[in-house]
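Student: I'd like to ask some things about the structure below.
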Amino acid sequence: MPQHKSAKKRVHTNLRDQQRNTTVKSELKHLLKKTNQEPTDKEFARLTVSKLDRAVRKGVIAKAVANRRKSRIALAANRTRKAS
């Protein structure tokens, strides 16, 4: 157990941040799965990209991870547009 006041605060803030991170990551997984199922839906892809950028700003995921996922969304959208 933490003894110092600052250590007690870190335990509290770590738990709060952990809850936020798991919520955001879960939402991202759901959005990415839906986007992969329907890559032609522009509005849904735009929402997913926005959520990825927001997660980067919050520090939940790394910038490179978000960029890679955004690139894959764009590739899938372009692939389906060319096919139709």
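The values are calculated or read from the model by the stated rules, or taken from the named source; none is laboratory data. Everything numeric in this text was worked out from a predicted model, so none of it was measured. Virtual Cβ from ideal backbone geometry, glycine too; neighbours counted across all protein chains shown. In case anyone asks, the SASA skips ligands and DNA or RNA and just uses the protein heavy atoms, side chains included. Shrake-Rupley method; radii C 1.70, N 1.55, O 1.52, S 1.80 Å.
Student: Filter the range 54-68 down to residues that are in contact with a helix residue (DSSP H, G or I) (Cβ under 7 Å, 6 or more places away or on another chain) and free of Cβ contacts under 8 Å to residues at least 12 places away in the same chain and give me whichever is least open to solvent (accessible area, probe 1.4 Å).
Tutor: Looking at residues that are in contact with a helix residue (DSSP H, G or I) (Cβ under 7 Å, 6 or more places away or on another chain) and free of Cβ contacts under 8 Å to residues at least 12 places away in the same chain, I get Val56.
Student: A further question follows. Can you spot a residue in the range 6-18 that is part of a helix (DSSP H, G or I), under 15 Å from the mean Cα position of the chain (by Cα) and of a type outside the set (Gly, Ala, Ser)?
Tutor: yes
Student: Looking at the structure I just gave you, is Arg72 open to solvent by 60 Å² or more (accessible area, probe 1.4 Å), farther than 30 Å from Met1 by Cα and not β-branched (Val, Ile, Thr)? Please lay out each step first, then the result.
Tutor: Numbers: open to solvent by 60 Å² or more (accessible area, probe 1.4 Å): yes; farther than 30 Å from Met1 by Cα: yes; not β-branched (Val, Ile, Thr): yes.
It is true that Arg72 is open to solvent by 60 Å² or more (accessible area, probe 1.4 Å), farther than 30 Å from Met1 by Cα and not β-branched (Val, Ile, Thr).
Student: Being open to solvent by 90 Å² or more (accessible area, probe 1.4 Å) and touching a residue at least 12 places away in the same chain (Cβ under 8 Å) is the filter; apply it to the range 35-53 and report the residue that is nearest to the chain's Cα centre (by Cα). I'd like the intermediate steps shown before the answer.
Tutor: Within the range 35-53, the subset open to solvent by 90 Å² or more (accessible area, probe 1.4 Å) is 36-38, 40, 42-43, 46.
Applying the additional criterion that residues be touching a residue at least 12 places away in the same chain (Cβ under 8 Å) yields 36, 40, 42.
Details: Asn36: 14, Thr40: 20, Lys42: 18 Å.
Per the criteria, the residue is Asn36.
Student: Please go through (1) without any contact (Cβ under 8 Å) to a residue 12 or more places away in the chain; (2) assigned to a helix (DSSP H, G or I) for Gln3 and return the number of the only condition it doesn't satisfy.
Tutor: For Gln3, the failing item is (2).
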